[in-house]
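Trainee: Following this message is one structure expressed as structure tokens.
The values are calculated or read from the model by the stated rules, or taken from the named source; none is laboratory data. Fair warning: this is a prediction, and the values are worked out from it, not measured in the lab. Here the Cβ is made from the backbone with ideal geometry for all residues, glycine too, and neighbour counts use every protein chain on show. Each accessible area value is taken on the protein alone, full model and side chains, heavy atoms only, with ligands, DNA and RNA left out. Shrake-Rupley method; radii C 1.70, N 1.55, O 1.52, S 1.80 Å.
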Amino acid sequence: MSASLLRPALVLGLLSAVGPFAIDMYLPAMPEIGADLGAGIPAMQGTIISYFIAFGLAQLIYGPWADQAGRKVPIYAGLVIFLIGTLICTFAPNTEALLAGRFVQGLGGAAVMVVPRAVIRDLSTGHEATRMMAAIMMVISVSPFLAPLVGAGLMAVAGWRAIFGALVVATLASLLMTRFLLQETLPPESRQPVSLRATLAGARHLLSHKGFMALTFLGGFGMASFFVFLASASFVYAQDFGLNPTQFSLAFALNALGFFSASQVAARLGMRFGAQKVMVRATMGFAAFAIGLFGVALMGGATLWVTMAGLFLANACLGLVIPTAMVMALEEHGPIAGLASSLGGTMQMLAGGVMIAAASPFFDGSVTPMLGAIALCAGLALVLALVVARLPAAQAPGSSTTGTSTPGTSTTGTSASA
């Protein structure tokens, strides 16, 4: 990656880490929060679901808004909303207030996920964009390693509310970073005026584009497997494996290591073997490890170390799948990158929320239901990877040429999408 892209990648990575920190710092505290507020496992999983649903729906607003107003204004708005939600969580007297606060957090956190994707598309395409996405993920990778440990430490010293207090400080720092370190990447002449008709035309184009839809849900079910893990792991590791919050944080970090390590070589492998081939093969690996681990669990062999090893390998494959799928889904939709990013992100988040909700009735605190839901996500991702591999040239990712017109846009990319 060129030196000119290194600084924005770092800044975007730090901004994008705000949302994951809101999840990862919170995970070790979920059993204690439930006990303190008198909430059971389903109610605490509901705080994850509410965050993801709000996170997904809000992307429909931020993407088109970023195409119309530039990239920085929506980030400011999202961070302020996230700050309000975090304050609600900090002082929540009951589960209902916590659910509301997490929902508001999700509404704000969506901005620092969807808008950075559009910024990447502004700055680069192809393998360079995959490198930039991987660099951002490397920064975000601090979250699963550091955030749970920080959360466990804060909880031990000052109680679970201190976790949200730390997020308030992180959000204020993000606002300052956006103001002074992030450059606007969408010039006024490239911004697209508000137009419901153009937005609907762009959305229809995207929803009818088989390559976009297959890649979006391929990445979506890959992410959904991780969301299932997020919603369930703290209870599984505490109840089934007997780990305390600090031990869980270390186990969680190890499980995430595979994903972020592999994501750093996604662009290099894509350049050597072809992005589509790498993505399809990696999805096959993800499905093999996830389904195999579920089979082991059904036979009673999913011990702590077996589970951690299997998830490590499955997540390593995901590290090749998700950044590649994200870049390929947006590749030929540059004039409506904000809309494509938001629509794709919404569908991915909703897929994650639906999978958590669908698995919740079967969850009893043991490892097998969690691994079953992850295996289902992997199987669905594999089906979609095979669809992508067989698409005709007109629907294949990256098949369009520069200047191709998209509904709601002109060949120069300056007409409305929002």
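Trainee: Residues of the range 348-381 being in contact (Cβ under 8 Å) with a residue 40 or more places away in the chain, open to solvent by 10 Å² or more (accessible area, probe 1.4 Å), in a loop (DSSP other than H, G, I, E, B) and not hydrophobic (A, V, I, L, M, F, W, C), which ones?
Mentor: Passing the criteria: only Ser366.
Trainee: Of all residues in the range 172-190 being assigned to a helix (DSSP H, G or I) and among the hydrophobic types (A, V, I, L, M, F, W, C), which is most open to solvent (accessible area, probe 1.4 Å)?
Mentor: Taking the candidates together, the pick is Phe180.
Trainee: While we're looking at this one, here's another question. Residues that are part of a helix (DSSP H, G or I), of a type in the set (A, V, I, L, M, F, W, C) and either within 23 Å of Phe363 (Cα to Cα) or under 17 Å from the mean Cα position of the chain (by Cα) (or both): does the range 68-77 have at least one?
Mentor: Yes: the range 68-77 contains one or more residues that are part of a helix (DSSP H, G or I), of a type in the set (A, V, I, L, M, F, W, C) and either within 23 Å of Phe363 (Cα to Cα) or under 17 Å from the mean Cα position of the chain (by Cα) (or both).
Trainee: Considering (1) part of a helix (DSSP H, G or I); (2) open to solvent by 10 Å² or more (accessible area, probe 1.4 Å); (3) closer than 30 Å to Leu243 by Cβ, say which one Ile84 fails and leave the rest.
Mentor: (3)
Trainee: In the range 235-251, how many residues are within 18 Å of Ala309 (Cα to Cα) and open to solvent by 60 Å² or more (accessible area, probe 1.4 Å)?
Mentor: Adding up the residues that qualify gives 3.
Trainee: Which condition from (1) open to solvent by 60 Å² or more (accessible area, probe 1.4 Å); (2) among the hydrophobic types (A, V, I, L, M, F, W, C); (3) modelled with pLDDT of 90 or more is the one that Ile61 breaks?
Mentor: With (1) open to solvent by 60 Å² or more (accessible area, probe 1.4 Å); (2) among the hydrophobic types (A, V, I, L, M, F, W, C); (3) modelled with pLDDT of 90 or more applied to Ile61, the lone miss is (3).
Trainee: Please go through the range 265-297 and give me each residue that is surrounded by 19 or more Cβ atoms within 10 Å (Cβ to Cβ) and at pLDDT below 85, ordered by number.
Mentor: Ala266, Ala267, Leu269, Gly270, Ala275, Gln276, Val278, Met279
Trainee: So, one more: Between Pro361, Pro335, which is modelled with pLDDT under 80 and out of contact with any Phe, Trp or Tyr (no Cβ under 7 Å at 6 or more places or on another chain)?
Mentor: Testing whether each residue is modelled with pLDDT under 80 and out of contact with any Phe, Trp or Tyr (no Cβ under 7 Å at 6 or more places or on another chain) leaves just Pro335.
Trainee: Here are Leu254, Leu269: which of them is in contact with a helix residue (DSSP H, G or I) (Cβ under 8 Å, 6 or more places away or on another chain), farther than 22 Å from Pro369 by Cβ and free of Cβ contacts under 8 Å to residues at least 60 places away in the same chain?
Mentor: On the way: Leu254 fails: farther than 22 Å from Pro369 by Cβ.
On inspection, the qualifying residue turns out to be Leu269.
Trainee: In addition: Can you find a residue that is free of Cβ contacts under 8 Å to residues at least 40 places away in the same chain, of a type in the set (A, V, I, L, M, F, W, C) and assigned to a helix (DSSP H, G or I) anywhere in the range 17-35?
Mentor: yes
Trainee: Mind listing whichever residues of the range 206-244 are farther than 21 Å from Ala351 by Cβ and either within 23 Å of the chain's Cα centre (by Cα) or assigned to a helix (DSSP H, G or I) (or both)?
Mentor: Ser234, Phe235, Val236, Tyr237, Ala238, Gln239, Asp240
Trainee: Mind checking which residues of the range 38-48 are of a type in the set (A, V, I, L, M), open to solvent by less than 30 Å² (accessible area, probe 1.4 Å) and part of a helix (DSSP H, G or I)?
Mentor: Met44, Ile48 - these are the residues of the range 38-48 that are of a type in the set (A, V, I, L, M), open to solvent by less than 30 Å² (accessible area, probe 1.4 Å) and part of a helix (DSSP H, G or I).
Trainee: Which pairs have Cβ atoms under 6 Å, sit 6 or more apart or on different chains, and link a residue in the range 229-241 that is in contact (Cβ under 8 Å) with a residue 40 or more places away in the chain to one that is crowded, with 19+ Cβ neighbours inside 10 Å and polar (S, T, N, Q)?
Mentor: So the pair list comes out as Ala231/Gln45.
Trainee: So which of Ala111, Ala129 ends up being surrounded by 23 or more Cβ atoms within 10 Å (Cβ to Cβ) and at pLDDT below 80?
Mentor: After applying the criteria, what remains is Ala129.
Trainee: (1) touching a helix residue (DSSP H, G or I) at 6+ places or on another chain (Cβ under 7 Å); (2) part of a helix (DSSP H, G or I); (3) surrounded by fewer than 22 Cβ atoms within 10 Å (Cβ to Cβ); (4) not acidic (Asp, Glu): which one isn't true of Pro193, the others all being true?
Mentor: Condition not satisfied by Pro193: (2).
Trainee: Taking the stated definitions as given, is Gly220 on the phi > 0 side of the Ramachandran plot and modelled with pLDDT of 85 or more?
Mentor: No: the conditions fail for Gly220.
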